[in-house]
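Trainee: Okay, handing you the structure first.
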Amino acid sequence: MTVTSKMNSVSRQSVLSRLGPGGLLYAANKIIAVASGKDEDRWRGKDEGALFKRWRRTPSSESAPAVPAPATPQSQPSELLKFLAINALELSAPASDALLKSRSSEWFQLSGHPGSLAPAGPGTVWKRRAAGDHPAHNPERDAYEALAACPYMRSAIPRYYRDLEYGGEHFIELQDLLHGFRDPHVMDIKMGTRTFLEDEVSNARARPDLYEKMVRLDPNAPTESEHAARAVTKLRYMQFREQQSSSAEQGFRIEAVKLPGQPPLTDLQKVKEPNQLAATIARFLGDEKHARRAITARLREIRDLFERSEFFRTHEIVGSSIFIIYDDERVGAWLIDFAKTRRVPEDIVVNHRAPWKQGNHEEGFLFGLDRLINIIETAGLSKKDSEPEVTR
């Protein structure tokens, strides 16, 4: 429960002005204390599914007794987590300034569009509606509402709270997945062999601007006819971009990685070949056998829930991600990002593994998840694995 969810008929600004700076800070601290206890109950609760798997690293043997974990995890702010943080967002404060200040060092946006996320309260974030969406047409909101009501999928996504308008813009409020973790390992993985919508590439007109973009990335990519015309279609360019990463061949690509005590790695386009993917994932996992097993079990659970869900039988899941987090005590993985989720025509059946052809609405989500699970199970640094070329 957040400050905003309690306001009901009383306007947000009215309440904030009555509290004043001192009252805001007091209220924020009180709510943080209450929310942390509720979060503990949430991930332990059986009815909502296991949002987290809890474990404790043992220094020597797997059979060594575990050190009891504290009843209520306390976040430890890190200067490194300010990378891509709140002061880079072009949002007016969605919660009080005092609340934002108290949480600014604990929160960061690993990847995605800068300015799309901002902390809203203890354990929640606001996500801005995708550019171009009409107020009456919000696919991400609709997807979260449907999945939150699905008995299979509600435990596989961040908790959805509400849709709201603030400062003339529209947001959805979601669970802050990083809340409660201590300088964790984080990985954002874009799923699917196709991460663009079919209607985005329906126009067959060849475009000079896309040709120029293609040449800048790879001068040898255009065909002779494309060089002669100095133009390529949107479909040609988008498929070329998918082939530049591991998306086209493996069904997923690693968007960003955050390791404890290090800034995030976000320039991972060259992590394309299977051995490079394995090396990157092995680096992310390190020697944490407990985390590897818990992550694999969680991804298998998500895959099983996905395949049982009526929602996924009737929708294409384009451009969505799997967000994986672990620290010394907890492991979590969730499906996120549904701005490009669309219902397929009634006469279309999708299995999320078949190759995409124009009109069949397949996106390869499960094709990629199968391969991701296999790599996480088997990835280990070896002489044959090459370190990925990345920049920080």
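Trainee: Under 5 Å between amide H atoms, partner at least 5 residues away or on a different chain: which partners does His179 have, H built in plane at 1.01 Å?
Mentor: When sequence neighbours closer than 5 places are left aside, there are no close amide H contacts.
Trainee: Another question, if that's okay. Calculate the translational D of segment 214-318 in whole µm² s⁻¹ from Stokes-Einstein, where the hydrodynamic radius comes from the Kirkwood formula applied to all Cα pairs, the temperature is 37 °C and the viscosity 0.692 mPa s.
Mentor: Answer from the Stokes-Einstein relation: 193 µm²/s.
Trainee: Report, as a whole number in µm² per second, the diffusion coefficient that Stokes-Einstein gives for segment 199-245 at 25 °C and 0.890 mPa s using the Kirkwood radius over alpha carbon pairs.
Mentor: 234 µm²/s
Trainee: Where the eigenvalues come from the Cα gyration tensor of segment 260-385, what are the semi-axes √(5λ) of the equivalent ellipsoid, largest first, in whole Å?
Mentor: 29, 17, 14
Trainee: Related question: Amide H to amide H, which residues 5 or more places from Glu362 or on other chains are under 5 Å from it, using H placed in the peptide plane?
Mentor: So Glu362 has HN proximity to Lys357.
Trainee: Something else: Quick one: check the C-alpha center-to-center distance for segment 121-194 versus segment 353-370, whole angstrom.
Mentor: 23 Å
Trainee: Hey, another quick one. Would you work out which of Pro208, Gln244, Ser225 lies farthest towards the positive end of the dipole of segment 199-245? Charges go on Cβ: Lys and Arg +1, Asp and Glu -1.
Mentor: Pro208
No value in this document is a laboratory result; all are computed from the given coordinates. Note that the structure is a prediction, hence the values are computed from the model and not measured. We place every Cβ from the backbone using ideal geometry, glycine too, and count neighbours over all the protein chains shown.
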